[in-house]
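Notes for the one structure printed next.
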Amino acid sequence: MTTIKSPDGEFEAYLSLPASGYGPGIVVLQEIFGVNPHMRSIADWYAAHGFVAICPDLFWRQQPGIELTDRGDDLNKAFELYSALDEAKAAEDSATTMEFLRTHPACNGRVGAVGFCLGGKLAYLLSVRSRPDCVVGYYGVGIEKALAESANVSGPLLLHIAGSDDYCPPEAQAAIHQALDSNPQVKIHTYPNREHAFGRTGGEHYDENDAELAHLRSLEFLVKHLAGAGIANAQQVLSSKWDNHVKYEFATRNTDDTLETMVADAYVNHVPVMTGGVGHAELREFYSKRFIPQMPPDTSMTPVSRTIGVDRVVDEMVFEFTHTIKMDWMLPGVEPTGKHVKVALVVIVHFRDGKLAHEHIYWDQASVLAQLGLIDSSALPVAGVESAEKVLDPTRRSNELMDR
């Protein structure tokens, strides 16, 4: 904990430093539960990614050092504190924390903010009332009540909205979109089936997949706007190029556009069955006849993680489809079975000269064959759909095959 002086007193803040001891700053703005273990873990997560993260105690005027859970009497106490909070003063404290961080010896002088719930609203207020280098807000409560200030957005602003948020109902979401969608500095992501606090680990409405997606989007946004030129911008470019390549394969389903993202001697290798091709001629044949037209209509991909290096992107996902058509690229020589498949899949993409140079795609073919009934998993050390489900839910029981 560190002490921050404000014009009308002093308050504490949790400070988490990166391993390097130096980096851009992030002000982490709390939910209504105070600077509790969850908020400290968020600050630590950003520090682990190279940021100097600080989480100020915004309830210090009412009860310093409060740490609550989102259950039972704690929840009632949290709402009492929230109802009595002087929002304008809390916004001022957020700005004071930002300025404190700018001059901290561990900070490179660039400071952004990320806020959740109450903090999501305060992050927005920081954007329109102060001058942060960028701001991220998760399911902010009451932003629609401050849209008269929306013209004052001072820099890049990213908002995550839960589509089924009782604290930000459809009319509030519509007002936010109407006020901010036309601003080129603002990006809004909506998660249609998610409820309030879907990003709070262990919370009632926590959704691991959309939380991971939102955190990835936030991290890329903050790196882009705070880390400066060089590797950070290069990583953002690689991520965008890979997203475009996937769009041309699965959304627009255009072979020419897909090949345009790749160098002339690029190659694709689906490692378990060695399908793909080398060079544009082979890849054109592969994409136009074997891959794009042989993708089942209900194909879906659930992102699990993304790692971006200097010259490559690694995507981890769960790939899902119903085997209603031939799929020579994955199941050469196998007629449609009509069965559903869910399998963990990893793609390693290497870039050269600004384009894709090669793709290595890995999955567990035994798991696929077991789900299609083509091998007897009861007689082999092979997991079926459970393998993919454990990727999405790491708490699922381990060692079932050994116990069997």
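The values are calculated or read from the model by the stated rules, or taken from the named source; none is laboratory data. Computed from a predicted structure; not experimentally measured. Methodologically, a virtual Cβ is constructed for each residue, glycine included, from the backbone with ideal geometry; neighbour enumeration extends over all protein chains shown. Ligands, DNA and RNA are stripped out before the accessible areas are found, and what is left, the full protein with its side chains, is counted by its heavy atoms. Shrake-Rupley method; radii C 1.70, N 1.55, O 1.52, S 1.80 Å.
Considering His350, His360, which residue is under 28 Å from Leu216 (Cβ atoms), open to solvent by 30 Å² or more (accessible area, probe 1.4 Å) and at pLDDT 95 or above? I'd like the intermediate steps shown before the answer.
Numbers: His350 fails: at pLDDT 95 or above.
Among His350, His360, only His360 is under 28 Å from Leu216 (Cβ atoms), open to solvent by 30 Å² or more (accessible area, probe 1.4 Å) and at pLDDT 95 or above.
Read through the list (1) part of a loop (DSSP other than H, G, I, E, B); (2) open to solvent by less than 30 Å² (accessible area, probe 1.4 Å); (3) of a type outside the set (Ser, Thr, Tyr), then give the number of the only condition that Phe319 fails.
(1)
Say whether the condition of being buried (at least 17 other Cβ atoms within 10 Å of the Cβ) and either at pLDDT below 95 or among the aliphatic types (A, V, I, L, M) (or both) is met by at least one residue in segment 393-401.
No, because not a single residue in segment 393-401 is buried (at least 17 other Cβ atoms within 10 Å of the Cβ) and either at pLDDT below 95 or among the aliphatic types (A, V, I, L, M) (or both).
Of the residues that sit in segment 1-19 and are open to solvent by 40 Å² or more (accessible area, probe 1.4 Å) and of a type outside the set (D, E, K, R), which one is modelled with the lowest pLDDT?
Applying the filter and picking the extreme gives Ala19.
Does segment 287-295 contain at least one residue that is among the aromatic types (Phe, Trp, Tyr) and not in a strand (DSSP E or B)?
The answer is yes, given that some residue of segment 287-295 is among the aromatic types (Phe, Trp, Tyr) and not in a strand (DSSP E or B).
Determine the pairs where a residue that is over 18 Å from Asp165 (Cα atoms) and in contact (Cβ under 8 Å) with a residue 40 or more places away in the chain, located within segment 108-128, has a partner that is hydroxyl-bearing (Ser, Thr, Tyr) and open to solvent by 10 Å² or more (accessible area, probe 1.4 Å) with Cβ atoms under 8 Å apart, the partner being 6 or more residues away or on another chain.
So the pair list comes out as Asn108/Tyr22.
Examine segment 227-247 for a residue that is under 30 Å from Pro37 (Cβ atoms) and either in contact with a Leu (Cβ under 7 Å, 6 or more places away or on another chain) or not in a helix (DSSP H, G or I) (or both), and state whether such a residue exists.
Checked segment 227-247: at least one residue is under 30 Å from Pro37 (Cβ atoms) and either in contact with a Leu (Cβ under 7 Å, 6 or more places away or on another chain) or not in a helix (DSSP H, G or I) (or both).
Please count how many residues of segment 379-392 are part of a helix (DSSP H, G or I) and either surrounded by 12 or more Cβ atoms within 10 Å (Cβ to Cβ) or modelled with pLDDT of 95 or more (or both).
Number of matching residues: 8.
Taking segment 37-56 as the region of interest, how many residues are open to solvent by less than 10 Å² (accessible area, probe 1.4 Å) and assigned to a loop (DSSP other than H, G, I, E, B)?
Counting residues in segment 37-56 that are open to solvent by less than 10 Å² (accessible area, probe 1.4 Å) and assigned to a loop (DSSP other than H, G, I, E, B) gives 1.
With the structure loaded, tell me whether Ala78 is aliphatic (A, V, I, L, M), open to solvent by less than 10 Å² (accessible area, probe 1.4 Å) and over 18 Å from Ile26 (Cβ atoms) or whether it fails that test.
So Ala78 fits the description; yes.
Starting from segment 36-51, keep only residues that are of a type in the set (Asp, Glu), then list their pairs with residues that are open to solvent by less than 40 Å² (accessible area, probe 1.4 Å) whose Cβ atoms are within a distance under 6 Å, requiring at least 6 positions of separation or different chains.
If the second residue must be open to solvent by less than 40 Å² (accessible area, probe 1.4 Å), the pairs left are Asp44/Ser16.
Scanning segment 363-378 for residues that are among the hydrophobic types (A, V, I, L, M, F, W, C) and open to solvent by less than 60 Å² (accessible area, probe 1.4 Å), which turns out farthest from the chain's Cα centre (by Cα)?
Ile375
Would you point out the residue of segment 20-36, among those that are at pLDDT 95 or above and part of a loop (DSSP other than H, G, I, E, B), that is farthest from Leu122 (Cα to Cα)?
Top of the filtered list is Asn36.
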